[in-house]
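**Student:** First, the structure itself, so that you have it in front of you.
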Amino acid sequence: MNRTNRRFQARLNRMSDIDAQRIIRRQINNKLGLLSSRYDRAVTNDQRVQIANQMEDLCNAEIDYWINIYEENHLNTEAQGTIILEEANMHIANFREVIQQINELRKELLNPVQS
């Protein structure tokens with residue numbers, strides 16, 4: 001782990017869980033934004049498919065992350081636990097929707113319409 005990653009990890013450890021999750025979410029959104037920008041600038045369909053694959057991998061990792069949070073907090077019935085469960089469900093649904101859109105794009109790229 002390089003120095004930047006260690007600093008970031010130490011910063012996350014000092015924060016509350018909700019603040020740390022917000023920062024991670026912001027970084028994921030930035031990464032998806034960068035990938036979307038690269039997708040828009042891609043020249044060939046092969047490049048677009050590779051970028052779509054990276055986007056899907058990122059979304060799958062986030063789904064796994066939120067499923068773990070959901071499972072950890074599922075037994076917690078406090079108000080904050082309920083908010084976290086709702087947030088986890090929302091994020092899981094959103095990332096699954098994004099994956100569905102990525103799959104539709106990838107299908108179009110791999111099977112271009114013949115005129």
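**Student:** When only residues in the stretch 78-111 that are open to solvent by less than 70 Å² (accessible area, probe 1.4 Å) and not hydrophobic (A, V, I, L, M, F, W, C) count, which is modelled with the lowest pLDDT?
**Tutor:** Ranking the candidates gives Gly81 first.
**Student:** Do you know which of the residues in the stretch 33-67 that are aliphatic (A, V, I, L, M) and touching a residue at least 40 places away in the same chain (Cβ under 8 Å) is nearest to Glu87 (Cα to Cα)?
**Tutor:** Once the filter is applied, the top-ranked residue is Met55.
Residue-by-condition table, conditions (1) under 29 Å from Glu104 (Cα atoms); (2) open to solvent by 100 Å² or more (accessible area, probe 1.4 Å); (3) small (Gly, Ala, Ser); (4) modelled with pLDDT under 85:
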site	(1), (2), (3), (4)
Asp17	no, yes, no, yes
Val43	yes, yes, no, no
Gln54	yes, no, no, no
Leu58	yes, no, no, no
Glu62	yes, no, no, no
Asn76	no, no, no, yes
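The values are calculated or read from the model by the stated rules, or taken from the named source; none is laboratory data. Computed from a predicted structure; not experimentally measured. Note that each Cβ is placed from the backbone with ideal geometry, even for glycine, and that neighbours are counted across all protein chains shown. Only protein heavy atoms, including side chains, enter the accessible area calculation; ligands, DNA and RNA are left aside. Shrake-Rupley method; radii C 1.70, N 1.55, O 1.52, S 1.80 Å.
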